[in-house]
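Each remark here refers to the structure printed beneath this line.
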Amino acid sequence: MEPSLDTAIIVLVIDCRVPDVCNPAGAASLLSLPVAGGSLLDHVVTKVTDLPGRAQKEVYVLPNFETGEDYESQIAASTKFEVKVLDHAGLAATAAEAEATDSFVLVDAARWPLQPVDLAEVLGEGDCRTVTHLIGIGRGEHRARERIERDGAGQVRRVRRLYESIAWTELASTGVFLSMVPGRALADFPFRSLAELRAGLAARGVISRDVPLEVELSDLSRADGILDLNERLLTQADASPRPGHAPAVGLRRGRNCDIADSARFIGPVTLQDNVRIGPHATIVGPTVIASGSEVGANAIVAQSVLLPNAVVEAGMTLRHCLTSGRCAACEAGRSGARPACHVAAALPERLHASTGGFAATDGTLQRHRRAHLAAKRVLDVTLSLVALILLSPVLAAAALAIKITSPGSVFFVHHREQRGGKQFPCIKFRTMVADAHRQQRELYQQNEVDGPQFKLGHDPRVTKLGAWLRRTNLDELPQLFNVFAGHMSLVGPRPSPFRENQICVPWRRARLSVRPGITGLWQICRSADRSAGDFHEWIFYDIAYVRHFSFWLDLKILLFTVLTGGWWSVPLSRLIPVDHDGGSPAEGALTTENTA
């Protein structure tokens, strides 16, 4: 689509100070930081200047800190784009001169997405009359945020755990990374961040919308955030090994670099223009060394970023560090070792999310697991279809009996969480009065079991027919439709609603890594006194099932479900082999996960 002549975007990138810089000589601007392929300013502007249907006018930088006389020259030297530096007065003047159809695209460089975002698809041609804020809500990984609620006296009332990041109320401010704003809306409106911009525009009554995106945001207000962003960009970049240097794995270099033949590189490493690497120096990636920098003989630079014209003197060791100026003797001789400069901030841990962290990572075991999962799905589809056909008279009779004996629908449909936390409509025969869910809060004080579940020995909401359906487990038969549809499996942890899955983090991770089931270890192995309802026992059996999952374990659980009918407990040792000490290996697995 050709850009329209009367529609344009004006790019405004908010700059901030670089955090935690060793020897911070001339290292004020975050946007001037080197990253793979250029500066952070280059990286950001490249991503936001190609929106459909809009011509690009200018690119501006707005620092949110007091700048020195050399700030503009520092910005100009760090980018391949033609940019102008504005203060708030200059921004107000620029906004006042904007056409009615112009829009500002404002970017917070310190909160940039770590995963690719198709801005053209998300923003489209935009609407020059309203404001759009893009908010990163995370990738739905198994993380939790706890919120402590207190009463007026300061006593803790309860602790709430929120797993879905979209439910974190502070995301509306901390998660804003890009805003598209009508040009004239910014006239005479000072702000230091997109969070302030969003709040201020809302207070003025400007129509706006928030667009949540499942992306993780970098936190470049921290040194480890900068190092993490560089690592991601470097590992994504194409490696350009330099012939004649061994080993030179993943080395990218700019123009006029002077590299000693004895220097060693363990990539990914990016050298910008005019970099000098001395004899026997070792550079370990992910590392970026900015233009004009020098690494002396026998020096070691590992997982670091050197700002323009930085000098690492001979024999120095830099690790997990941002540095500028001359790094000569930081922490020298502290323990008799070589001088070292080190920012005490470990790189963020890489989350293993293939199956919630419970599956083995060995390739052979993974292949076996995939084969077991495929066989399990074939078994689910086959048996559920056969059961629905054979039991159709029973299903029809139960449905008719429910309709005749009590008012209301035949089925009770409740949203439960399946694999990955996705919700699905779980179907059961209705066994209670029609408005039972409204009465539960009033009855909660009488709950006879622990944990998040609710159970009464003589629940007044249960109908006479419903009590019989529960005793015979016939109320669960409609879940065969869920199994056939792929929401559930015949065997697995009990399907639970969102509320019940908030109590124990390892338990939640385990049970949401597989499909929920009609029957499972907990249903056939729990204590004979079913009214006791020990919550820890529930956790134990769910995690044990996931830890020891196999197609053969499913078959054994199905067999014992049929043989016992749920009337007596099956020893766990009949299903999972015990260790030499007489205990189940699942017990150790549970302990490990609870302390992880």
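Excluding Ala76 itself, what net charge comes from residues whose Cβ is under 11 Å from its Cβ, given Lys and Arg +1 and Asp and Glu -1? In short, -1. When you count the other C-beta atoms within 10 angstrom of each residue and take the mean per peptide, 491-502, 57-68 line up highest first as 491-502, 57-68.
For a 19 Å ceiling on Cα separation, which of these pairs sit above it: Lys403/Lys464; Lys428/Lys556; Lys422/Lys556? Check vs 19 Å cut-off fails for Lys428/Lys556; Lys422/Lys556. In region 56-117 the Cα-Cα distances spread across 5 Å bins starting at 0 as 3, 13, 23, 23, 20, 12, 5, 0 percent of all pairs. Summary of packing: across the peptides 191-197, 395-401, the per-residue average of other C-beta atoms within 10 Å ranks them, highest first, as 191-197, 395-401.
Cross-link reach is defined here as a Cα-Cα straight distance under 25 Å, omitting same-chain residues fewer than 8 places apart; for Lys84 the lysines meeting it are Lys47, Lys57. The residues packed around Leu86, meaning those with a beta-carbon under 11 Å from its beta-carbon, carry a net charge of -3 if Lys and Arg are +1 and Asp and Glu are -1.
Throughout, read-outs are computed from the coordinates displayed, never taken from laboratory work. A quick note: this is a predicted structure, and the numbers were derived from the prediction, not measured. Cβ coordinates were reconstructed from backbone atoms using ideal geometry, including for glycine residues, and neighbour counts include every protein chain displayed.
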